[in-house]
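J.: Can you read through this structure? Questions will come right after.
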2 protein chains.
Amino acid sequence: MAPLKACSAWNGCHSTTTAPCDMTDNSRRLLQFMEEVWNTGDVAAVDDFLAEQYIIHSDPGDPWDGKTLSREGFKSRLATSRAPFPDLRFDLDDIIADGDRVAVSWIMRGTQLGPLGGRPPSGRSIAVRGMTIYYFEQGRITGHRQVVDRLTVAQQLGLAG
Amino acid sequence: MAPLKACSAWNGCHSTTTAPCDMTDNSRRLLQFMEEVWNTGDVAAVDDFLAEQYIIHSDPGDPWDGKTLSREGFKSRLATSRAPFPDLRFDLDDIIADGDRVAVSWIMRGTQLGPLGGRPPSGRSIAVRGMTIYYFEQGRITGHRQVVDRLTVAQQLGLAG
C-alpha cells in the first residue's frame, strides 16, 4: 500500500492524498482508502483496507444495501459502481473521527461514459453530495452507512424533472 | 430547558430522551435539541440551543441551503419545515462526536397532513434516511451540513416514479 505522500496543515480536507498531521489513524486510513480504492479504482488495494466481512448497514438506493460482502464481493461492487463513471472521484469537505467510527461529508463527481441501468452512455456529468459513516475494527473497515442525494443524480442524468 | 430524563447504557441511540452516560456534552445537547426543537416543534427552545448566527453550510434541496440565519430565521425555518408534517420525528441510529462537531445518522418519519409546495395534504407517510453534521461553539449550535435521501421522499409522496 502506498504511504500518504505527506502530512500537512488542516486545509478542510479537500485533498485525499495529503492528510493533516493531527488526524487519527483511522481518518488517515480512510483518506487512503478513498483515494486508492474509490478515486483510483484499484481493486487490488481493497485487501489492504477491508476486514474479511463488510456490512452495508444502510445505503438507500445502493444495490448492496443491507448486504454483508466478502472482499471479493466488495471488489465486484467497486467495479460495478465505477463502470458507468470511469472518472468517478470523491472530494471530502469534512471528516469526523470518534473511536472506531469515522464520518465523512463529500462531493462525488463523474461523467457517465459507460452504460447505466440499461441506458447507453450519456456523457452527462454528475456532482452530488453525500455523507458516509465508516466502521473500523483494528484498523480495518468493517462496513458503512451512507446517504446520497440521489434526486440530484437523477436530475443531472436527465431521469427526473 | 428541560434536563435529559436520565442517562442510560448505550442502546444504539434510538431514543433522544435518554442519553448514554459516556456521551460528550455536545452530543447530549444535540439529543436535547433534536427532541425539543425538531421532534416537539418547540419554537421557544431554539433560543437555548442556537448561537446568534446559524450557517447552513450545505443542505441540497433545503430552501435555506447556503444561508446564514438569525435565531428568528431559524424558528421560521423550523415552523415552515414542520407545517406539512405536524408529527415529524427524527430517530437517530448513530452519533459521532469529535470536538466541536457532532455527526448523526437518522430516520425522519412524518405524515403529510398539511399543504406542501402548493399540493394539498395527501395523508401519505414518509420514512427517509439522512445524515447531518452539527457544528458547535461553546455549547451552542452554529450551523450544519446535511444530506437527505430526497428521492425516497419524492417517491413516498407520489411525486416520482
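J.: Once both axes come from the Cα atoms, what is the angle between helix B:71-82 and the longest principal axis of chain B, in degrees from 0 to 90, rounded to 10?
T.: For B:71-82 against chain B, the angle is about 50 degrees.
J.: Over chain B, what is the relative contact order in percent, taking alpha-carbon pairs closer than 8 angstrom and at least six residues apart?
T.: With pairs under 8 Å counted, the relative contact order is 20 percent.
J.: To the nearest 20 debye, what charge dipole does chain B have about its Cα centre, counting +1 at the Cβ of each Lys and Arg and -1 at the Cβ of each Asp and Glu?
T.: Values: 17 positive and 20 negative charges, 113 e Å.
For this selection, approximately 540 debye.
J.: Can I ask one more? Within 10 Å of each Cβ in B:137-149, how many Cβ atoms from other chains are there, averaged over the peptide? Walk me through the intermediate numbers first.
T.: Working: counts 0, 0, 0, 0, 0, 0, 0, 0, 5, 5, 13, 3, 11.
Whole-number average of other-chain Cβ neighbours for B:137-149 is 3.
J.: Three principal axis extents, largest first, for the C-alpha atoms of region B:72-128, in Å?
T.: Principal axes ranked by extent give 43, 28, 15 Å for the Cα atoms.
J.: Within 10 Å, at most 16 other Cβ atoms, and a DSSP state outside H, G, I, E, B define an exposed site. Report the longest part of chain A free of exposed trypsin sites (Lys or Arg not before Pro).
T.: My reading of the result: A:6-66 is the longest stretch.
J.: Another question, if that's okay. With all pairs of different alpha carbon atoms counted, what Kirkwood hydrodynamic radius in Å does region A:33-121 show?
T.: Values: mean 1/r = 0.0703 Å⁻¹.
One over the average 1/r among Cα pairs gives 14.2 Å for region A:33-121.
J.: Dipole of chain B (Lys/Arg Cβ +1, Asp/Glu Cβ -1, origin at the Cα centre): which of B:Phe74, B:Phe85, B:Ala103 lies farthest to the positive side?
T.: B:Phe85
J.: I've got another one for you. Any idea what the dipole of the protein assembly as shown comes to, in debye rounded to 20, about its Cα centre with Lys/Arg Cβ at +1 and Asp/Glu Cβ at -1?
T.: 1060
J.: I've got another one for you. Distances from A:Ala44 to the same residue in each other copy, label points 7 Å out along Cα→Cβ, in nm, shortest first?
T.: Ordered by distance, the counterparts are at 6.7 nm.
J.: With 10 angstrom as the radius, rank A:Leu31, A:Leu69 by how many other C-beta atoms surround their C-beta, starting from the fewest.
T.: A:Leu69, A:Leu31
J.: Using only atoms on other chains, find how many Cβ atoms lie within 10 Å of each Cβ of peptide A:55-62 and report the average.
T.: 3
J.: May I ask you to report, in nm to one decimal and beginning with the shortest, the distances from B:Gly61 to the same position in the other copies, taking label points 7 Å along Cα-to-Cβ?
T.: B:Gly61 label point versus its equivalents elsewhere: 0.8 nm.
J.: Per residue of chain A, what 222 nm ellipticity follows from adding -39500 (n - 2.57) for every DSSP H run with n ≥ 4, rounded to the nearest 500?
T.: The per-residue figure over chain A is -5500 deg cm²/dmol.
J.: Can you tell me how the protein assembly as shown classifies by the Cα gyration tensor, rounded, prolate or oblate, using a/c under 1.5 as the rounded cut? Don't skip to the end; give the middle numbers.
T.: Details: a/c = 1.77, a/b = 1.25, b/c = 1.41.
Note, shape of the protein assembly as shown comes out oblate.
J.: Please list the non-local residues whose amide H lies under 5 Å from the amide H of B:Asp93, H modeled 1.01 Å from N, same-chain partners needing a gap of 5 or more.
T.: So B:Asp93 has HN proximity to B:Ser105, B:Trp106, B:Ile107.
J.: Once the label point is set 7 Å along the Cα-to-beta-carbon vector, what list of distances in nm do you get between A:Arg109 and its counterparts in the other copies?
T.: Values, ascending and in nm: 4.0.
Coordinate-derived values only; no laboratory data. What you see is a predicted model; the values in this text were computed from it and never measured. Cβ atoms come from the backbone with ideal geometry, glycine included; neighbour counts cover every protein chain shown.
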